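Single-structure report; data block below.
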């Protein structure tokens, strides 16, 4: 309980290398890599950037989180490949953005379409 407002603030945890937020510290601790350190509390302003854990968060939170991630992915470039995959720098086939090539996938990093 917070003394100032009298309401309970929800805490979410994250692991060192994880991509999900956990409603339970036990869940975060159980899903962390051995030797990676203990789970830490996520600040309230960073919560929207973390996907909800399907094991410890309720269904509505997981659905809302998945919808937000899908909406963000829809505005990103399709990134089907680059014009010169063997070069260090090349252009995206879909939008023309220049950048460094990932040699294993022959694509650029995830990016928004360049207009």
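None of the figures in this text is laboratory data; all of them are computed from the coordinates on show. Everything numeric here is computed off the predicted structure, so don't read it as measured data. Counting neighbours? That spans all protein chains shown, and the Cβs are built from the backbone with ideal geometry, glycine included.
What angle do you read, to the nearest 10 degrees and between 0 and 90, between the alpha-carbon axis of helix 59-74 and the longest principal axis of the chain? Long axis of 59-74 versus the principal axis of the chain: about 20 degrees.
Mean-square fluctuation check for the chain, GNM, Cα pairs under 10 Å: which of 40, 83, 16 is largest? Sorting by GNM fluctuation, first place goes to 83.
How long are the semi-axes of the equivalent ellipsoid of the range 13-81, defined as square roots of 5 times the Cα gyration tensor eigenvalues? Whole Å, largest first. It would help to have the intermediate numbers written out before the result.
On the way: eigenvalues 115, 47, 23 Å².
Working through the eigenvalues yields semi-axes of 24, 15, 11 Å.
From the P(r) of the range 57-115, can you give the percent of Cα pairs sitting at distances over 16 Å?
On the way: 848 of 1711 pairs.
Beyond 16 Å sits 50 percent of the P(r) for the range 57-115.
Spacing of the modelled spin labels on residue 30 and residue 71, each 7 Å from Cα toward Cβ, amounts to 3.1 nm. Of the residues 72, 86, 97, the one that moves most in a GNM of the chain with alpha-carbon contacts below 10 Å is 86.
For the chain, what does the relative contact order come out to in percent, with C-alpha contacts under 8 Å and a separation of six or more?
Values: 179 pairs, mean separation 18.2, N = 115.
After rounding, I find 16 percent.
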